[in-house]
Amino acid sequence: MNQTSILLESGTNELEIIEMFLLEPGTPGPDGAGGAPEPQYFGVNVAKVLEIIEAPAELEPSASSTHPSFLGVIPLRDMVLPVVDLSVWLGLSRVPTRHETVIVTEFNGVKSGFLVSGVTMIHRVGWADVEPPSRMLAELPGNCITGTVRLGDHFALLLDLERALVELGAVHIDLPEHAVDKDPERPLRILLVDDSTSVRFLLKRNFESAGFEVQALGNGEDAWNRLLELKAEAVSRKVPITSLLDAVISDVEMPRMDGYTLTRNVKADAELSKLPVVLFSSLISPSLLHKGESVGADAQITKPEFGGLTTQVRAIIEKKRAG
């Protein structure tokens, strides 16, 4: 699967997802006998999937595994691939079947495999059709659902697979820089947009520790509406937008409006285009940089670089002010 051939156009507020499923035990009938296995559907962005392979028969968890979902490693051409049992990580029961599937993914520079019952097809959907999880679900510890979307006659849950890798220790999150006091004369004000409650909390804490004033929102649509409010306020006060906000820091994958569309909207607006937009996502890679460039992003930073993000954003803002 060639990642560069997928969604070459940016800012369309669309994505392509691979739909996969886990077979759970069926509901017992009146006689107590178990029913036919029932599929539970999930989705992941195609841009994060390298390939799909048949699962080796010998995949089993080891007593020495660091996490019960970790199935060990398998050889895959010139690399050794760690494999995670997605059903165990999600806390679901899976009915084992023949010819199960491993989805080989790459994000944050890490290649991993996720064992599932099977894969159905690729769907092209609009982010406007993706509903964010309820507030109660989003704030649950360990939540890994970033949204739900209807696919034909059923719904699929979009998964935050990066969270699994963080929990398994495959991806390390750098600590932020030392705390910096805010400058009361010229505070650094940012709008932070990320659909993950845990990432949003971590980023907000890091930026505030680095001396920033932070407004944090959960999707691009809410962020765009907030930017329009700030623009109206700037007009009514007869001041430039940069007197109210210094930069926008946005994830790429978000329900309702993605980061590429948000960036395109900002850069197409005569007043809001004065604001730098920094895309911060696990999708940022050399082969996909053209997406952010095509919508006018001022910088694109990959998500493992939590610690250096505040330094880079500060430099962008200071350069903008000086210029």
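The values are calculated or read from the model by the stated rules, or taken from the named source; none is laboratory data. Just so you know, these numbers come straight off a predicted model, no measurement behind them. All Cβ positions, glycine included, derive from the backbone under ideal geometry; neighbour counts span all protein chains shown.
Restricting to region 1-35, what's the tally of residues that are in a loop (DSSP other than H, G, I, E, B) and modelled with pLDDT under 85? Even if it seems obvious, please write down each step before you answer.
Pass one, region 1-35, residues in a loop (DSSP other than H, G, I, E, B): 1-2, 6-13, 25-35.
Filter again for modelled with pLDDT under 85, leaving 1-2, 6-13, 26-35.
Qualifying residue count for the region: 20.
As an exercise: evaluate Thr197 against (1) of a type in the set (S, T, N, Q); (2) farther than 25 Å from Lys48 by Cα; (3) modelled with pLDDT under 90 and give the number of the one condition it does not meet.
Result: Thr197 fails condition (2) only.
Can you report the number of residues in region 180-209 which are within 16 Å of the chain's Cα centre (by Cα) and either outside any helix (DSSP H, G or I) or not basic (Lys, Arg) (or both)?
Within region 180-209, residues that are within 16 Å of the chain's Cα centre (by Cα) and either outside any helix (DSSP H, G or I) or not basic (Lys, Arg) (or both) number 11.
What number of residues in region 293-323 are at pLDDT below 90 and within 16 Å of the chain's Cα centre (by Cα)?
Within region 293-323, residues that are at pLDDT below 90 and within 16 Å of the chain's Cα centre (by Cα) number 6.
Taking the options Val73, Val44, name whichever one is in contact with a Pro (Cβ under 9 Å, 6 or more places away or on another chain), closer than 16 Å to Val104 by Cβ, not basic (Lys, Arg) and not in a helix (DSSP H, G or I).
From the options Val73, Val44, the qualifying one is Val73.
Can Arg264 be described as of a type in the set (Lys, Arg), more than 17 Å from the chain's Cα centre (by Cα) and either in a helix (DSSP H, G or I) or not assigned by TED's automatic domain parsing to the domain that holds Glu131 (or both)? Show your work before the answer.
Values: of a type in the set (Lys, Arg): yes; more than 17 Å from the chain's Cα centre (by Cα): yes; either in a helix (DSSP H, G or I) or not assigned by TED's automatic domain parsing to the domain that holds Glu131 (or both): yes.
In short, yes.
Scan (1) surrounded by 17 or more Cβ atoms within 10 Å (Cβ to Cβ); (2) modelled with pLDDT of 70 or more; (3) not basic (Lys, Arg) for the single condition Pro176 breaks and write down its number.
(2)
Six or more apart or on different chains, Cβ atoms under 7 Å: show the pairs whose first residue is in region 249-270 and farther than 14 Å from Gly218 by Cβ and whose second is part of a helix (DSSP H, G or I) and among the charged types (D, E, K, R).
Tyr260/Lys291
Any idea which residue in region 47-56 is surrounded by the fewest Cβ atoms within 10 Å (Cβ to Cβ), counting only those that are touching a Leu at 6+ places or on another chain (Cβ under 8 Å) and closer than 17 Å to Gly109 by Cα?
Among residues in region 47-56 that are touching a Leu at 6+ places or on another chain (Cβ under 8 Å) and closer than 17 Å to Gly109 by Cα, the one surrounded by the fewest Cβ atoms within 10 Å (Cβ to Cβ) is Lys48.
Looking only at residues that are part of a strand (DSSP E or B) and among the basic types (Lys, Arg) in region 86-132, which one is farthest from Glu38 (Cα to Cα)?
Within region 86-132, the match that is farthest from Glu38 (Cα to Cα) is Lys111.
For Leu140, indicate whether it is in a loop (DSSP other than H, G, I, E, B), farther than 24 Å from Leu279 by Cα, hydrophobic (A, V, I, L, M, F, W, C) and modelled with pLDDT under 85.
Yes, satisfied.
Please go through region 210-260 and give me each residue that is surrounded by fewer than 17 Cβ atoms within 10 Å (Cβ to Cβ), of a type in the set (Gly, Ala, Ser) and in a loop (DSSP other than H, G, I, E, B), ordered by number.
Answer for region 210-260, where residues must be surrounded by fewer than 17 Cβ atoms within 10 Å (Cβ to Cβ), of a type in the set (Gly, Ala, Ser) and in a loop (DSSP other than H, G, I, E, B): just Gly211.
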